[in-house]
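K.L.:
Dropping the structure in here first, questions after.
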Amino acid sequence: MAKIVIVGNSAAGFSCTETLVRHSPDHEITVISQEPGLPYKRDLLIDYLDSKVKEEELFFCSRDFYEKNKVKLINDSKVVRVDTRKKQVVLKNNNKIGYDYLVVSTGARARIPDIPGKGKDGVYSLYTLEDAQKFKQQLILADTLCLVGEAELCSRFLGASSVKDKHTKIISSPKPESFSAGENVEWLDNLEITEIIGEGAQLKAFKLNNGKVIATPLILFIGNYFAATDFLKESGIVTDQGYICTDEAMRTNIENIFACGSVSKIKNQLIKCKSRGDAANEGAKAASTIVSLLERSNNAMSEVLVQLGSKGADTLLSLTRQSLEKLIAEKGKDAKVGFPETNYYLPLVDALLNIEVKTLGDCLLALAEAEKLNKNIAAKSGLVIASLGGILNKGVATLVCEEILAALEVLNNNHPNQGFTGFIPDNILRSLGIQLVDGRIAGIAVILGPAKDEEAAVKLVRDFQTKGIVSLLAGSIEGKTFKAQLESQGVELGLENYIVPLGEDYLSAIYAVNFAVRAPLTYGGHKPGQWGKIADYIRNRVPAFVLLLGHVDEVLVATGLGALAFGLPIITDLEVPQLGKIDTTRYEALVTEKDYSNLVSKCILTRGIKVKLAKVDVPVPYAAAFEGERVRKEQLHAEFGGKVSTAFEFLITKNLDEVEDGKVEVVGPDIDQLEKGSKSMPLAIVVEVAGRKMQKDFEPILERQVHRYTNYAMGLMHIGQRDMNWIRISKDAFNKGFRLKHIGVILHAMIHEEYNAIVDKVQVKIYSKSEDVEKLLPQARKVFDERDARLSGMTDESVDTFYSCMLCQSFAPNHVCIITPERLGLCGAYSWLDGKASYEITPTGPNQPVLKGELLDAKLGQWKNINDFVYQKSNKSIEKVSMYSLMEFPQSSCGCFECIAAIIPEANGVMIVHRDYSGMTPCGMSFTTLAGSVGGGVQTPGFLGIGKLYIISKKFISAEGGLKRVVWMPKELKELLGDKLKKAAEDIGMPELADKICDETQATTSEELLNFLNKVGHPALNLPAMI
C-alpha cells in the first residue's frame, strides 16, 4: 500500500484524488487542506456573490465521497514544511505525515498589498469561500464599495446585480476601452491606495496617492495572485518566480513529488493563468503518472517474488526430501508422526490436499503433491492457484514442506523450542474462536523476527493488545527473539495476555498457518480437500496478517507467498518494493512501513480489521488494557474510599421522565480543590438509569460495571464495589485534565455502549461533600441490604435451577463455574440473581440455566444434571463436581478468583488469601504462587478459587465443616468482610470465631499459626481430620 499525500484541495487537488480512487483505490490517500470544508469551484465565487450559483452548487463532491473511497481528508491544516529526505510533510501543529508520493496542488493565493490599515474590518480579498461568505453579508448592508485588482475581474464583478445599485470605485490599470462610466461607477485609472483609514478596527475610508480621501465601508481586492509555495523553501524542489517547475507528466525535479494546477508551470514555458479545466486536467495527469509508477512497481515486485520465491521453495523441497529419507532410513516408513492434541493430523496437508498424514510414509505422499505444485501442476485435490502467474503455488508447496519439517522436529523432540508453545492444540483454537466470534479478539498478528529494540517491541505488542489483537511470535535474528525482548521488559506472555511465542526459529511460523487453516474446518463446516472454500474462509473470516521484522531471505519470501495464497497480507519494516492488491488478498499484499509508530495502524488498515473501541470523551487514554493498572502512593493525586474516606457507588432505576440522558452533575468540590495537605475526599457515585426493558434485577449487574469502566481510564485505579470501593486518581491523569465529572462521562458512554438493549437513559450524580455522602450512604445501604436479603432468603434447596458461567473459558477452556443462590461465582462478579438476569438479557450468553435434576449427594452438593452439564462444557475433562466440598471433586478454578482457600494439614483447617495480599502465607506460598497451581480450569483437591462473599455463605465448604475450618486470612480481608464475617460466625453459634482466625500480624508460618490456634482454642483443632 502506497501512501499518497495531496496538499491542496481545489480543482487540481480534487481531480487528482478522484482519478486515484478510480484507478488505484487500494492505496492510502491523504488530502490536506487549509479550507474548513469540501473542495469547491473557486472561479464561481463572483457568481456566488451575485446569487447566480447557490452555495451547494460550488462543491465538487459531497462529504461521503471521502468516506466511501477511504480517503483521509484533513481540513483546517497548513503544511509549513516538506522534508524530502524523510519523505514527510510537517503541519503547523507539528504533526508529521509520511508519504511515498506527494502531490502539491496548493494553487495561487490572493494577496492584499502591504498598505497601512489593511487589517481593518471591511477589507477583503476574494479567494476563499469564507472570504466570499463574509463579504456577501457586508455587501447587503453597504451602499458604497471599492474594487481593487485585475481589470478583467473587476469588470466581471461590476456585472453582478448585487452591486448595480452600489456606489462603486474601481482602482485598476489599465482601464478597459470598452468601459463606460455609469451613474454609480467611477474607474480610478493610474491611482493607488496608500492608506486605509478607520475608527478603531472598522474601515471608514481610503487615501489615494494623489492625496484624495474617499469614504467607503468595503474594499475588495480581486486578483493579485501568487503561487502558494512558501512552505517549500528548504525542500529542494525547483521553482521559477515561486511556481513549481514540472515536466509534462507533472513530475518535479525530486522523485515521486508532483505539482499541478495554479501552483505549477511546465519548465521552459511561460507562466500562464490557468482555468479550472486546465487545473483539473493537470491533477488527473499527475494521478495517472502515479498510477503508472505503482503498476510498474507491482510488476517489478512480482519479478523479484518469482526469483526469490522459486529459490526458497526449491531449497525447502530439497531439504524436506533429504530429511524424510534420512528419518525413514532410521525409523522406517511406518514411524508415527503428527502434532499433539489435534484431530487434523498435519492440519495444512489435511485441509488442502485431503491427505491424513499419520506416518513418515504418508509424509512422502504430501511431499509428492508439493513437488507438483512447485511446477504449477494441480494437486490431486484440485489445488492450483492462477494468481501472479502461478507463483503462489510455490508458496503453498513451501508451507506443505514446512509443516512436514515441523512434524519431523516434533518427532525428534526438537519442537517446541524450550519456553515456546510450538503447535497450538485444537482446544486453544476453540477458546480463541469464541473470542473471535464475540469480538473480543479483533485480529491475529503473526510476528516474524524481533523488533528494532526492546522498547519498540513492548510498544508494538501493547498497541496490539489494546486493540484486541493476539500476537503469535516466531523467528530470531542472531539469537535475538521478540519473546526475549518482551521478557526483558517484564511483559507477561501467554494466551491470557494475547501473546503466544510459537518458536525461536522461522519454521515455527507454520504453527500460525496451520492454526488459521483449522478455523474453516472447525467453525466453517468445510471438509478436507475443499481448498477453495477453505482459502476463501481464511481470507474473509480469519483476520490474520504477517508482520515481518528485520530480516528476509529466499525461504521467508517463499513462506510469504504461501501466506498471500490465503489472503494474509505482509507488512514489513524492511525497505522492499511494495505489492498492491492481488487476486487472493482483500487489499494490499505487501506493504512497507519503517516508522514503528505507524506499524499497528498500517497492519489494521492493510488487513481491513475492524477494531471496536468505545468513544469516551475523557482527557486520558481509555482502553481495557489499563484495567490492571495500579496507582502507587508516589503517583497519587487523589483517592476515595478504602481506608481514607467514606465512598460508595450506587446504581438505581428511575422512570424515563426522571432521567436526563447524558447529564453529569458534580455536587461539591472537585479534585482541583483538595484541602491543603490532603489527598483524600469523600465520594458518592450515584448512577440513575431508565429504560423500557430495565428491571430491578439488572441493577447489580450494571452497578458492578462501574469497577471495570472506571479502570479502563489510564491513571485511575478502582478496587471493590458498593460501599467497599477504593478509587485512586494519579497525578498524571489530573495534569491531563481528568476531573470527577469524567467518571460520569465514562459511565454514561459505556452503559450505553454495552447495555443499550435495556437502558435508554443514563444520568450520573457525583457528591464530594462529606454531609451529602453521609446522608446518601444509608439510602444506598438500604438498597444493598434489600438485594442481599433477597438473595440470602434464597437457598440452594429453594430453587430447581442453577446458572452456569463460562465467561472465562477463553482463558481456561475446561473451566465451568456453577452459580447457586448460596455460592456466587469465584470472580465475585456474578450472584445467582446476576446469572438469571444476564441470561434474560442475553439468552445465548455465558450464563445458562441448568436444572439440578437428581440429587446424588446432599453433603457434597452433587446433582446428576449439574455433573452432566459440567462434563460436556469442560470438554469432557471434569466428570463430577461438588458444590460444597474443598476435598472431594471441588469446582475447578480459572484465574480470576478473588480469593484462594487452601488446606493447612498441620492445623486441620483452611487458610484464605485474597489477591490484593502480597505477603507470605502459612502454607509457604504467596497468592501468586498459589494461583499458578490452582488456576487453569482443573480440579485441585485441597485448593479452591472463590469469591470473597462465599466465605460467609452457610454452604462454604460445608462438607468439611464450613467457616469453623477457617484458621487464617489477611487482616485486610477480615476488615473487608467486617460485620458480615461476625454475623456469619454468630449464625453458627460461634460469635468469637472471627477473633480466633489468625492474620499475618500474628503468624506467617505453620508453626506460628499452630501456636496461635492452640492459644485461642480454635475449633478446627477438634474437628475430624481433613486428610
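Every number here is computed from the coordinates shown, using simple stated rules; none is lab data. Bear in mind the structure is a predicted one, so any value in this text is a computation, not a measurement. Cβ coordinates were reconstructed from backbone atoms using ideal geometry, including for glycine residues, and neighbour counts include every protein chain displayed.
K.L.:
As a test of the formula, what do you get for the chain when each DSSP H run with n ≥ 4 contributes -39,500 (n - 2.57) and the sum is divided by the residue count, at 222 nm and rounded to the nearest 500 deg cm²/dmol?
P.N.:
-10500 deg cm²/dmol
K.L.:
What is the magnitude of the charge dipole of the chain about its Cα centre, with +1 placed on the Cβ of each Lys and Arg, -1 on the Cβ of each Asp and Glu, and no other charges, expressed in debye to the nearest 20?
P.N.:
860 debye
K.L.:
Write down Rg/Rh for region 624-792, rounded to two decimals, with Rg from the C-alpha atoms and Rh from the Kirkwood relation over Cα pairs.
P.N.:
0.95
K.L.:
Can you give me the angle between helix 129-141 and the longest principal axis of the chain, using Cα atoms only, in degrees from 0 to 90, rounded to the nearest 10?
P.N.:
The angle comes out at about 60 degrees.
K.L.:
Another one. Show me, bin by bin at 10 Å from 0, the whole-percent P(r) of the chain based on Cα pairs.
P.N.:
Result returned by the calculation: 2, 9, 14, 16, 16, 15, 12, 8, 5, 2, 1, 0, 0.
K.L.:
Quickly work out the Asp916-to-Arg541 label distance, labels modelled 7 Å from Cα along the C-beta direction, and quote it in nm with one decimal.
P.N.:
Going by the 7 Å Cα→Cβ label model, 4.5 nm.
K.L.:
Next question. Restricting to region 624-792, what percent of DSSP beta bridges are antiparallel, rounded to 5?
P.N.:
Bridges in region 624-792 that DSSP calls antiparallel: roughly 55 percent.
K.L.:
Distance cut-off 28 Å, Cα to Cα: go down the list Lys68/Lys134; Lys118/Lys285; Lys643/Lys996; Lys836/Lys955; Lys483/Lys731; Lys873/Lys971 and report the pairs above it.
P.N.:
Lys68/Lys134; Lys118/Lys285; Lys483/Lys731; Lys873/Lys971
K.L.:
Another question about this same structure. Alpha carbon centre of region 569-601 versus region 904-922: separation in Å?
P.N.:
One Cα centre to the other: 53 Å.
K.L.:
When DSSP beta bridges are limited to those with both residues in region 123-223, what percentage is antiparallel, rounded to the nearest 5?
P.N.:
Just about 35 percent of them are antiparallel.
K.L.:
Could you tell me which of Leu473, Pro682, Gly236 has its Cα farthest along the dipole of the chain towards the positive end, charges placed at Cβ (Lys, Arg +1; Asp, Glu -1), taken about the Cα centre?
P.N.:
Gly236
K.L.:
Measure nothing fancy, just the Cα-based angle from helix 864-873's long axis to the longest principal axis of the chain, in degrees from 0 to 90, nearest 10.
P.N.:
In the chain, helix 864-873 runs at an angle near 40 degrees to the longest axis.
K.L.:
Run the numbers for Glu248 and Lys731: contour at 0.36 nm per residue of separation, minus the present Cα-Cα distance, in nm.
P.N.:
That works out to 168.0 nm of additional length.
K.L.:
Taking a spot 7 Å from the Cα of Lys136 along the direction of its beta carbon, which residues of region 183-218 have an amide N less than 19 Å from it?
P.N.:
218
K.L.:
Report the label-to-label distance for Glu634 and Glu183 in nanometres (one decimal), using points 7 Å from each Cα along the Cα→Cβ vector.
P.N.:
8.6 nm
K.L.:
Apply 1/(1 + (r/R0)^6) to the Cβ-Cβ distance of Cys273 and Asp76, taking R0 = 25 Å, and write down the FRET efficiency to the nearest 0.05.
P.N.:
In this case the efficiency is close to 0.35.
K.L.:
Taking Cα centroids, how far is region 361-420 from region 214-292 in Å?
P.N.:
Here the answer is 55 Å between Cα centres.
K.L.:
Right, something else. Counting DSSP beta bridges in the chain, what percent are antiparallel, to the nearest 5?
P.N.:
In the chain, DSSP labels about 45 percent of beta bridges as antiparallel.
K.L.:
Arrange Cys146, Cys827, Cys401 by Cβ neighbour counts within 10 Å, fewest through most, would you?
P.N.:
The order, fewest Cβ neighbours first, is Cys827, Cys146, Cys401.
K.L.:
Can you give me the C-alpha center-to-center distance between region 695-724 and region 1-74, rounded to a whole angstrom?
P.N.:
Centre-to-centre (Cα) distance: 46 Å.
K.L.:
What length, rounded to one decimal in nm, is gained on full extension from Ser488 through to Ser387, with 0.36 nm per residue of separation minus their alpha-carbon distance?
P.N.:
This chain segment gains 32.1 nm when fully extended.
K.L.:
Can you tell me what the convex hull of the Cα atoms of region 123-223 projects to on average, as an area in nm²?
P.N.:
6.4 nm²
K.L.:
Now a separate question. Along the three principal axes, how long is region 333-607 when you take its alpha carbons, biggest first, rounded to the nearest angstrom?
P.N.:
Reported extents, whole Å, longest axis first: 47, 39, 39.
K.L.:
A further question follows. Please go through region 516-591 and write out the chymotrypsin sites (Phe, Trp or Tyr not before Pro) that DSSP classes as loop and that have at most 14 other C-beta atoms within 10 Å.
P.N.:
Listed in order of number, the matching sites amount to none.
K.L.:
Classify region 829-924: rounded, prolate or oblate, from the alpha-carbon gyration tensor (a ≥ b ≥ c, eigenvalue square roots; a/c under 1.5 rounded; otherwise prolate if a/b is larger than b/c)?
P.N.:
The shape class here is oblate.
K.L.:
For Cα pairs less than 8 Å apart in space and 6+ apart in sequence, what is the mean separation divided by the residue count of the chain, i.e. the relative contact order in percent?
P.N.:
Relative CO of the chain lands at 7 percent.
K.L.:
A further question follows. With a 10 Å Cβ neighbour count serving as the proxy for reagent exposure, in which order, fewest first, do Met681, Met714, Met920, Met883 appear?
P.N.:
So the residues, fewest neighbours to most, are Met920, Met714, Met883, Met681.
K.L.:
Stretch Lys459-Lys311 to full length: gain in nm at 0.36 nm per residue minus the Cα-Cα span?
P.N.:
In short, 49.8 nm is gained.
K.L.:
Please go through region 186-227 and write out the trypsin sites (Lys or Arg not before Pro) that DSSP classes as loop and that have at most 12 other C-beta atoms within 10 Å.
P.N.:
Answer by residue number: Lys212.
K.L.:
Further, regarding this structure: Using a Debye calculation, one point per C-alpha and no hydration shell, please list log10 I(q)/I(0) for region 438-552 at q = 0.10, 0.15, 0.22 Å⁻¹ in order.
P.N.:
-0.31, -0.66, -1.19
K.L.:
Can you tell me what percent of all Cα-Cα pairs in region 891-1027 are more than 18 Å apart?
P.N.:
50 percent
K.L.:
Given charges of +1 on the Cβ of Lys and Arg and -1 on the Cβ of Asp and Glu, with all other atoms neutral, how large is the dipole of region 624-792 about its Cα centre, in debye to the nearest 20?
P.N.:
Once rounded to the nearest 20, the dipole reads 400 debye.
K.L.:
Count neighbours as other Cβ atoms within 10 Å of each site's Cβ, and list the trypsin sites (Lys or Arg not before Pro) in region 857-895 that are DSSP loop with at most 16 such neighbours.
P.N.:
Filter output for region 857-895: Lys859, Lys876, Lys880.
K.L.:
Within a Cβ distance under 12 Å of Tyr871, other residues only, what is the Lys/Arg minus Asp/Glu net charge?
P.N.:
+2
K.L.:
What residue among Gln939, Val21, Leu590 has its Cα farthest toward the positive end of the dipole of the chain, where the charges are +1 on Lys, Arg and -1 on Asp, Glu, each on the Cβ?
P.N.:
Value: Val21.
K.L.:
While we're looking at this one, here's another question. I'd like the FRET efficiency for Arg586 and Arg85, computed as 1/(1 + (r/R0)^6) with the beta carbon distance as r and R0 of 35 Å, rounded to 0.05.
P.N.:
Once rounded, the FRET efficiency stands at 0.55.
K.L.:
Of Leu855, Val458, Leu158, whose Cα points farthest to the positive end of the dipole of the chain (charges on the beta-carbon: +1 Lys, Arg; -1 Asp, Glu; origin at the Cα centre)?
P.N.:
The residue sitting farthest along the positive end of the dipole is Leu158.
K.L.:
For each pair in Lys765/Lys974; Lys311/Lys380; Lys336/Lys380, compute the distance between the two Cα atoms and list the pairs where it is over 27 Å.
P.N.:
Pairs exceeding the cut-off: Lys765/Lys974.
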